[in-house]
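*Asks:* Got a structure here, written out as C-alpha coordinates. Questions coming.
The values are calculated or read from the model by the stated rules, or taken from the named source; none is laboratory data. This structure is a prediction, so every number in the text was calculated from the model and none was measured. Ideal geometry is used to build each Cβ from the backbone, glycine not excepted, and the neighbour counts take in all protein chains shown.
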Amino acid sequence: LEGIAPKVEKQIEIPIVVARANGLDYAFTQGEDTVLAAMVHRCPEYKDCKINWKEQNKQFEILNKESVFKPSQLTRFNLVLFGSLPSSVASQLNLELKRQSVSVSGWLPSQKYSELPGLGNNVYVCGVNP
(Lines give C-alpha, C1' and ligand atoms only; values in the text may rest on other atoms or scores of the structure.)
Protein backbone atom coordinates (compact mmCIF):
# COMPACT_ATOMS: atom_id res chain seq x y z
CA LEU A 1 0.00 0.00 0.00
CA GLU A 2 2.84 2.40 0.79
CA GLY A 3 4.29 2.05 -2.69
CA ILE A 4 1.05 2.38 -4.61
CA ALA A 5 -0.58 5.07 -2.45
CA PRO A 6 1.15 8.05 -4.15
CA LYS A 7 0.11 6.79 -7.60
CA VAL A 8 -3.51 6.21 -6.58
CA GLU A 9 -3.54 9.57 -4.80
CA LYS A 10 -2.54 11.34 -8.02
CA GLN A 11 -5.13 9.47 -10.07
CA ILE A 12 -8.12 10.04 -7.83
CA GLU A 13 -6.90 13.41 -6.49
CA ILE A 14 -7.78 12.47 -2.93
CA PRO A 15 -5.13 12.38 -0.18
CA ILE A 16 -4.29 8.92 1.15
CA VAL A 17 -2.73 8.58 4.59
CA VAL A 18 -0.94 5.26 5.00
CA ALA A 19 -0.86 3.95 8.56
CA ARG A 20 0.81 0.57 9.05
CA ALA A 21 -1.09 -1.76 11.38
CA ASN A 22 -0.47 -5.48 11.14
CA GLY A 23 -3.38 -7.68 12.13
CA LEU A 24 -4.55 -7.79 15.71
CA ASP A 25 -1.16 -6.90 17.18
CA TYR A 26 -2.21 -3.31 17.61
CA ALA A 27 -4.43 -2.24 20.48
CA PHE A 28 -6.93 0.53 19.88
CA THR A 29 -4.67 3.30 21.24
CA GLN A 30 -1.66 2.01 19.31
CA GLY A 31 -3.74 2.21 16.14
CA GLU A 32 -4.70 5.81 16.95
CA ASP A 33 -1.05 6.68 17.55
CA THR A 34 -0.08 5.12 14.22
CA VAL A 35 -2.70 7.15 12.35
CA LEU A 36 -1.72 10.39 14.13
CA ALA A 37 1.95 9.77 13.30
CA ALA A 38 1.07 9.23 9.64
CA MET A 39 -1.01 12.43 9.59
CA VAL A 40 1.82 14.50 11.07
CA HIS A 41 3.81 13.91 7.89
CA ARG A 42 0.96 15.49 5.91
CA CYS A 43 0.77 18.66 8.00
CA PRO A 44 2.04 21.78 6.26
CA GLU A 45 5.25 23.32 7.56
CA TYR A 46 4.69 26.37 9.73
CA LYS A 47 6.95 29.22 8.61
CA ASP A 48 7.70 31.44 11.59
CA CYS A 49 7.61 35.17 11.00
CA LYS A 50 10.84 36.60 12.38
CA ILE A 51 10.42 39.83 14.32
CA ASN A 52 12.98 42.06 15.90
CA TRP A 53 13.74 41.07 19.52
CA LYS A 54 13.37 44.70 20.62
CA GLU A 55 9.88 44.81 19.14
CA GLN A 56 9.01 41.50 20.78
CA ASN A 57 10.11 42.74 24.19
CA LYS A 58 7.85 45.80 23.82
CA GLN A 59 4.87 43.47 23.83
CA PHE A 60 5.30 42.81 27.56
CA GLU A 61 4.07 45.21 30.20
CA ILE A 62 5.62 45.50 33.62
CA LEU A 63 3.10 46.34 36.32
CA ASN A 64 3.88 46.32 40.06
CA LYS A 65 7.23 44.57 39.46
CA GLU A 66 5.44 41.65 37.79
CA SER A 67 5.65 40.66 34.15
CA VAL A 68 2.15 40.50 32.73
CA PHE A 69 1.22 39.43 29.23
CA LYS A 70 -1.04 41.69 27.25
CA PRO A 71 -4.24 39.80 26.34
CA SER A 72 -3.26 39.74 22.66
CA GLN A 73 0.15 38.26 23.56
CA LEU A 74 -1.38 35.01 24.81
CA THR A 75 -3.13 34.41 21.51
CA ARG A 76 0.02 35.03 19.44
CA PHE A 77 1.65 31.69 20.17
CA ASN A 78 0.74 28.72 18.02
CA LEU A 79 -0.77 25.91 20.04
CA VAL A 80 -1.78 22.65 18.37
CA LEU A 81 -3.67 20.05 20.38
CA PHE A 82 -3.56 16.40 19.39
CA GLY A 83 -5.68 13.49 20.47
CA SER A 84 -8.82 11.69 19.39
CA LEU A 85 -11.67 13.54 21.07
CA PRO A 86 -15.35 13.73 20.16
CA SER A 87 -16.12 17.06 18.49
CA SER A 88 -18.35 18.13 21.41
CA VAL A 89 -15.48 17.63 23.88
CA ALA A 90 -13.05 19.45 21.59
CA SER A 91 -15.50 22.37 21.29
CA GLN A 92 -15.87 22.57 25.08
CA LEU A 93 -12.10 22.53 25.51
CA ASN A 94 -11.69 25.26 22.87
CA LEU A 95 -14.27 27.43 24.67
CA GLU A 96 -12.66 26.91 28.07
CA LEU A 97 -9.19 27.72 26.73
CA LYS A 98 -10.57 30.81 25.02
CA ARG A 99 -12.02 31.94 28.37
CA GLN A 100 -8.50 31.56 29.77
CA SER A 101 -7.10 33.70 26.89
CA VAL A 102 -5.41 30.72 25.25
CA SER A 103 -6.00 30.37 21.53
CA VAL A 104 -5.78 26.97 19.83
CA SER A 105 -4.40 27.29 16.30
CA GLY A 106 -5.26 23.74 15.25
CA TRP A 107 -6.14 20.15 16.09
CA LEU A 108 -4.64 16.87 15.04
CA PRO A 109 -6.53 15.03 13.74
CA SER A 110 -8.49 17.87 12.20
CA GLN A 111 -12.11 17.48 11.14
CA LYS A 112 -11.09 18.08 7.52
CA TYR A 113 -7.89 17.10 5.75
CA SER A 114 -7.60 20.65 4.42
CA GLU A 115 -7.53 21.97 8.01
CA LEU A 116 -4.41 20.10 9.15
CA PRO A 117 -2.41 22.49 11.36
CA GLY A 118 0.99 23.85 10.41
CA LEU A 119 3.84 22.35 12.44
CA GLY A 120 7.40 23.58 12.87
CA ASN A 121 9.55 25.89 14.97
CA ASN A 122 7.68 27.99 17.54
CA VAL A 123 4.61 25.77 17.41
CA TYR A 124 3.66 24.26 20.75
CA VAL A 125 2.01 20.84 20.65
CA CYS A 126 0.07 19.36 23.54
CA GLY A 127 -1.59 15.95 23.79
CA VAL A 128 -5.08 15.61 25.25
CA ASN A 129 -7.00 12.56 26.44
CA PRO A 130 -10.77 12.20 26.70
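*Asks:* Looking only at residues in the range 80-93 that are of a type outside the set (Gly, Ala, Ser) and surrounded by 15 or more Cβ atoms within 10 Å (Cβ to Cβ), which one is farthest from VAL123 (Cα to Cα)?
*Replies:* Across the range 80-93, the extreme among qualifying residues is LEU85.
*Asks:* Moving on. Identify, by number, the condition in (1) modelled with pLDDT of 85 or more; (2) in contact with a strand residue (DSSP E or B) (Cβ under 9 Å, 6 or more places away or on another chain) that ILE62 doesn't meet.
*Replies:* Among (1) modelled with pLDDT of 85 or more; (2) in contact with a strand residue (DSSP E or B) (Cβ under 9 Å, 6 or more places away or on another chain), ILE62 violates only (1).
*Asks:* Sticking with this one: Among the candidates SER72, SER91, SER67, single out the residue that is part of a helix (DSSP H, G or I) and modelled with pLDDT under 75.
*Replies:* Testing whether each residue is part of a helix (DSSP H, G or I) and modelled with pLDDT under 75 leaves just SER72.
*Asks:* Which of the residues that make up the range 94-125 are in a loop (DSSP other than H, G, I, E, B) and in contact (Cβ under 8 Å) with a residue 40 or more places away in the chain?
*Replies:* PRO109, LEU116, PRO117, GLY118, GLY120, ASN121, ASN122 - these are the residues of the range 94-125 that are in a loop (DSSP other than H, G, I, E, B) and in contact (Cβ under 8 Å) with a residue 40 or more places away in the chain.
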